[in-house]
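Comments concern the structure below.
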Amino acid sequence: MRFLTHSISRTGGREVNQDAAEHCAAGDLACWVLADGLGGHGSGEEASRLAAAAVMEAFRAQAECSPSALLAYIGFARNAVLKRQEENAIFSGMRTTLVILVSDMRQALWAHVGDTRLYLFRDGQLARQTLDHSVPQAMVDARQLDAVGIRHHEDRNRLLRSIGGREEVRATIEETPHPLRPGDAFLLCSDGFWEYVTETAMEVDLAKSAAPAEWLRYMELRIRADAPADQDNYSAVAIFAAP
């Protein structure tokens, strides 16, 4: 098994891009991370950059595909953000979301904090997706809102979990390794991306795509067609599992 990866990260209608995406391989192990920063004065950009870089550094130091490794990587991300906050008070309010995917080429595990999502597609169909740590998702869980209502809910940006500050990070970690098959496709994306690309549209565009870059290009055309001029940053990482 091998992976084909392509990523995009755009400012959208904003002056600063507060998203950060990275990936790397270490032998038969690979790791992908996407973070979406929150906070003024450039602190959101700093938070996402620090978190993503910390995950990559921790993975390179001890590459592993396990729930405990994911927990450790998230801990490194939290410590990096907290250290920067302690160094400069201007960053005290910065926060970031985070999603991590790791694989040993045979199976995959993932973890997330906030509303940056991971989707897994098998045989061209959506097989798994993360659930946001947000007020609208909590309403869906309580059967007060339909899942399709999350995208444009007035409280969509109200997060219940994030990385930053001294509070403990409550990540959702996939505990059971997911066996991979050739043709599986992953999509990691920030809310500025998935807000304008429905899951059905993701499937339609995947069916037309021979490579991750092509898949992202089709989906980005949808964003450019539908998003307002002042839209949020949007970032995505597309990964194809190939024989």
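For residue 109, what charge total do you get from the other residues with a beta carbon under 10 Å from its beta carbon, if Lys and Arg give +1 and Asp and Glu give -1? So the environment of residue 109 carries a net charge of -4. Other residues within the sphere of radius under 11 Å centred on the Cβ of residue 17, judged by their own Cβ, net out at -2 (K and R +1, D and E -1). Counting charges near residue 231 (Lys, Arg +1; Asp, Glu -1) among other residues having Cβ under 10 Å from its Cβ returns a value of -1. Projecting the Cα atoms of 13, 121, 91 onto the dipole axis of the chain, where Lys and Arg carry +1 and Asp and Glu carry -1 at the beta carbon, places 121 farthest toward the positive end. Legend: Rg and Dmax of the chain, from Cα coordinates, 16.9, 49 Å.
Here the Debye sum runs over all C-alpha atoms of the range 22-123 as equal scatterers in vacuum, and log10 of I(q)/I(0) at q = 0.18, 0.20, 0.24, 0.25 Å⁻¹ comes out as -0.78, -0.93, -1.21, -1.28. Using C-alpha pairs under 8 Å with a sequence gap of at least 6, the mean separation divided by the residue count of the range 123-243 gives a relative contact order of 30 percent.
Bear in mind these aren't lab numbers, they're just calculated from the coordinates by the rules spelled out. Since the model is a prediction, treat every value here as computed from it, not as a measurement. A quick note on method: Cβ atoms are made from the backbone with ideal geometry, for glycine too, and the neighbour counts reach across all protein chains shown.
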